[in-house]
Amino acid sequence: MDEFSFFEAIEIQYANQLPFVVYSRPINAVIKCWLQHDEKLHHTKDFSESGFVFAPFNLEENSILFPKDNCSYSEIECRDLETESFTTSEIQPNATERLQHIELVSKGINSIEHTDLQKVVLSRCEKKALQDTNPISIFKRLFNAYKNAMVYCWFHPKVGLWIGATPELLFKVEGKRLTTIALAGTQPFNANETVKWTPKEFEEQQIVTDYITEQIQPYTEQINVSEVDTVKAGSLLHLKTKITSLIKDASDLKSIIDALHPTPAVCGFPKAKAKDFILQHENYNRDYYTGFLGELNLKQATTRNTNRRNVENNAYAVIKTQSNFYVNLRCMQLKESSAKIYVGGGITKGSNPEHEWEETVNKTKTISTVLE
């Protein structure tokens with residue numbers, strides 16, 4: 001299938017108000033697409049099905065499934081997509097919203113100082129009017145701009161339209177191998193400056209890393225933790241640690257999801273206390289922001305022998321079940337002729353409310369640069 005036919009099918013699907021998702025995983029020139037055959041709303045509770053899943057921040061709400069057997073699937077390989085020229089304007093920070101967010105962060109810091117809450121991730125939602133409301137056009141611009149992110153456009157007529165470019169892997173499963181990422185700390189990228197991280201940011205990263213390794217311990221073995229590295233996501237830098245392990249035979253996917261989601265990077269620590277604080281004080285429903293999305297229980301064949309000359313052994317393929325889930329960060333919800341852009345930041349005892357506000361402004365710029 002060529003690029004024109006691929007996107008034409010998605011445009012027709014959207015015009016007919018039928019569910020679809022188009023996406024590309026990080027450092028990958030493959031763009032994939034699922035087109036659901038009808039407008040039925042499918043849910044998953046135990047994550048045992050196969051398909052594409054779209055899960056909320058609060059798993060007590062519904063996780064949406066595009067079932068593999070009820071979808072058409074296609075993919076293309078492409079380095080850059082053809083897009084029309086466009087002009088963009090920065091979102092001008094709102095003084096009232098600034099005061100509200102600073103007050104919210106101050107409440108979080110106060111709670112950390114007077115309770116056993118160690119970290120809480122606090123967010124806000126900003127609206128921007130759109131000239132170009134075509135989600136496929138926005139997806140194409142995101143794909144061209146953010147090669148090291150999971151870029152997606154997801155639509156269901158009974159749920160809504162979400163678009164994002166998230167750098168954060170929740171986890172992936174290949175057979176029995178589990179890989180997850182601890183990602184925390186944020187600063188603007190500047191090519192002319194040496195990267196410097198503060199003790200507060202390293203502390204935040206260590207909280208996330210320790211939490212993940214502790215959470216997966218009952219379900220996995222042979223846990224390996226990498227060194228802390230700096231990674232670039234769009235115009236921002238983050239601290240990153242890679243954690244790999246082997247899933248125990250008695251463990252299932254749902255138990256690992258419950259253990260890891262939501263992570264301290266999007267919720268806080270301890271998880272239950274941080275989540276309660278968020279639900280009580282943020283004053284809006286995150287819905288699918290800081291939830292997760294991705295491929296669920298798909299069969300993948302890999303050859304046993306990578307030596308191409310050994311044709312006989314190449315005939316025997318290993319079938320592995322794979323899942324790839326990404327945290328729904330750097331995202332927005334398109335409604336009518338405006339975009340609701342979601343941004344947040346991790347709050348610890350060393351946080352500065354004014355700096356935390358500025359961090360959300362920087363994150364808003366990351367996603368709004370592709371909006372006309």
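The values are calculated or read from the model by the stated rules, or taken from the named source; none is laboratory data. This one's a predicted model, so the numbers in the text were calculated from it and none came from an experiment. Note that we place each Cβ from the backbone using ideal geometry, even for glycine, and neighbour counts take in every protein chain shown. Side chains included, ligands, DNA and RNA excluded: accessible areas come from the protein's heavy atoms. Shrake-Rupley method; radii C 1.70, N 1.55, O 1.52, S 1.80 Å.
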Where does each of Tyr73, Tyr211 land when they are ordered by accessible area, with a 1.4 Å probe and the largest first? Tyr73, Tyr211
For Val173, the accessible surface traced by a 1.4 Å probe with all protein chains present amounts, in square angstrom to the nearest 10, to 10 Å²
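Taking Cα pairs under 8 Å and at least six residues apart, what relative contact order does region 24-68 come out at, in percent?
Reported relative contact order: 36 percent.
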Do the sum for the chain: with -39,500 (n - 2.57) for every DSSP H run of n ≥ 4, divided by all residues, what is the mean residue ellipticity at 222 nm, to the nearest 500 deg cm²/dmol? -8500 deg cm²/dmol
At 0.36 nm per residue, minus the direct Cα-Cα distance, what do His43 and Glu82 gain on full extension? Give it in nm, one decimal, please. 10.6 nm
Of Ser323, Ser106, ordered by accessible area with the largest first and a 1.4 Å probe, the sequence is Ser106, Ser323
Given Cα pairs under 8 Å that are at least 6 residues apart, what percent is the relative contact order of the chain? 25 percent
Candidates Pro93, Pro188, Pro56: whichever shows maximal mean-square fluctuation once the chain is modelled as a Gaussian network with Cα springs under 10 Å: Pro93
Farthest positive-ward along the chain dipole, Cα basis, beta-carbon charges - from Thr83, His281, Thr179: Thr179
For region 63-181, place one equal point scatterer on every Cα, skip the solvent, and apply the Debye formula. What is log10 of I(q)/I(0) at q = 0.22 Å⁻¹? -1.37
For an R0 of 30 angstrom, estimate the FRET efficiency from the Cβ-Cβ distance between Asp2 and Ser50 and round to the nearest 0.05. 0.65
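What percent does the relative contact order of region 145-293 come to when contacts are Cα pairs within less than 8 Å and at least six residues apart? Don't skip to the answer; put the middle values down first.
On the way: 205 pairs, mean separation 34.4, N = 149.
Relative CO of region 145-293 lands at 23 percent.
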Within-12-Å neighbourhood charge of Ser251 [Cβ basis; K, R +1; D, E -1]: -1
Please find, in a Gaussian network model of the chain (springs between Cα atoms separated by less than 10 Å), the residue of Ala15, Ala95, Ala191 whose mean-square fluctuation is greatest. Ala191
Would you work out the charge dipole size for region 124-270 about its Cα centre, treating the Cβ of every Lys and Arg as +1 and the Cβ of every Asp and Glu as -1, and quote it to the nearest 20 debye? 680 debye
In the full protein assembly as shown, how much of Leu104 is accessible to a 1.4 Å probe, in Å² to the nearest 10? 20 Å²
Could you work out Rg/(2.2 N^0.38 Å) for the chain, with Rg from alpha carbons only? 0.99
Given a 1.4 Å probe and heavy atoms of the protein chains only, how would you sort Glu227, Glu221, Glu11, Glu214, largest accessible area at the top? Glu227, Glu214, Glu221, Glu11
Cα centre as origin, Lys/Arg/Asp/Glu Cβ charges: region 1-108 dipole, Debye: 460 debye
Could you tell me the accessible area of Asp287 in Å² (1.4 Å probe, neighbours in place), rounded to the nearest ten? 50 Å²
Under a 5 Å amide H to amide H cut-off, with H placed in plane at 1.01 Å, what residues pair with Cys267 once short-range neighbours are removed? Val121
Assign unit charges at the C-beta atoms only (+1 for Lys and Arg, -1 for Asp and Glu), then state the dipole size of the chain relative to its Cα centre in Debye, rounded to the nearest 20. 580 debye
GNM on the chain, C-alpha springs below 10 Å: top fluctuator among Phe189, Phe54, Phe143? Phe189
Past 28 Å, Cα to Cα, is the threshold; run Lys119/Lys240; Lys68/Lys232; Lys140/Lys254; Lys273/Lys320; Lys200/Lys271; Lys40/Lys242 against it and keep the listed order. Lys68/Lys232; Lys140/Lys254; Lys273/Lys320; Lys40/Lys242
